[in-house]
1. Among the residues of region 10-46, which ones are open to solvent by 90 Å² or more (accessible area, probe 1.4 Å) and either over 15 Å from the mean Cα position of the chain (by Cα) or of a type in the set (Asp, Glu) (or both)?
2. Cβ contacts < 6 Å: first residue under 19 Å from Val72 (Cα atoms), restricted to region 25-50; second residue hydroxyl-bearing (Ser, Thr, Tyr), any location; separation 6+ or different chain. Result?
3. (1) open to solvent by 80 Å² or more (accessible area, probe 1.4 Å); (2) touching a helix residue (DSSP H, G or I) at 6+ places or on another chain (Cβ under 8 Å); (3) part of a helix (DSSP H, G or I): which one isn't true of Ile49, the others all being true?
4. Could you say whether any residue in region 56-74 is under 17 Å from Ile86 (Cβ atoms) and either among the β-branched types (Val, Ile, Thr) or touching a helix residue (DSSP H, G or I) at 6+ places or on another chain (Cβ under 6 Å) (or both)?
5. When the residues of region 58-93 are filtered to those that are among the small types (Gly, Ala, Ser) and under 14 Å from Ala39 (Cα atoms), which remaining residue is surrounded by the most Cβ atoms within 10 Å (Cβ to Cβ)?
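The values are calculated or read from the model by the stated rules, or taken from the named source; none is laboratory data. On a predicted model such as this, the values are computed, not experimentally measured, just so you know. Because the Cβ atoms are built from the backbone with ideal geometry, glycine has one as well, and the counts that use them run over all protein chains shown. Surface areas here come from the heavy atoms of the whole protein model, side chains and all, with no ligands, DNA or RNA. Shrake-Rupley method; radii C 1.70, N 1.55, O 1.52, S 1.80 Å.
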Amino acid sequence: MLIYGFQNVLDWLQLVLGIYAAVMLVDAAVRREDAYRAADKQSKGMWLIFLVIATALLFLLPLMSFLPIMGVIAVIVYTVDVRPAIKQVAGGGPRRGGSSSDGPYGPYNGGR
């Protein structure tokens, strides 16, 4: 009974990871090609291939095998390294307006 409960948790985890990989695939597909080059990352086509394979592996193979875990690693690398760099280069960074002297708590006036 415990084994079936653990397998159920793994099935849900695999479904969530597969959906997240698909979302990151769509995110990579809508980004501009020149942003990848400007951020000094692999090409857009290369990341699309990585993420398509990762998404397919997560939906087709069991999570506890070797290949889907490598797919999860590829999705994590895209999420924490490539995506923020591309967003910063393309102008979609964390700033939502204001001047370049704005700090996290408001404008910085240089101690005046």
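1. Across region 10-46, the qualifying residues are Trp12, Arg32, Arg37, Asp40.
2. The qualifying pairs are Leu25/Thr55; Lys44/Tyr36.
3. For Ile49, the failing item is (2).
4. Let us first name the residues in region 56-74 that are under 17 Å from Ile86 (Cβ atoms), namely 74.
Add one more test, that the residue is either among the β-branched types (Val, Ile, Thr) or touching a helix residue (DSSP H, G or I) at 6+ places or on another chain (Cβ under 6 Å) (or both), and what stays is 74.
Looking for residues that are under 17 Å from Ile86 (Cβ atoms) and either among the β-branched types (Val, Ile, Thr) or touching a helix residue (DSSP H, G or I) at 6+ places or on another chain (Cβ under 6 Å) (or both), one finds at least one in region 56-74, hence yes.
5. Here is the first cut: in region 58-93, the residues among the small types (Gly, Ala, Ser) are 65, 71, 74, 85, 90-93.
Retained after the next criterion (residues that are under 14 Å from Ala39 (Cα atoms)): 85, 90-93.
Values: Ala85: 17, Ala90: 15, Gly91: 8, Gly92: 13, Gly93: 11.
Result: Ala85.
Rundown of residues vs (1) assigned to a helix (DSSP H, G or I); (2) acidic (Asp, Glu); (3) modelled with pLDDT of 85 or more, yes/no style:
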residue: Asp11; (1), (2), (3): yes, yes, yes
residue: Val26; (1), (2), (3): yes, no, yes
residue: Ala56; (1), (2), (3): yes, no, yes
residue: Met70; (1), (2), (3): yes, no, yes
residue: Ile76; (1), (2), (3): yes, no, yes
residue: Gly98; (1), (2), (3): no, no, no
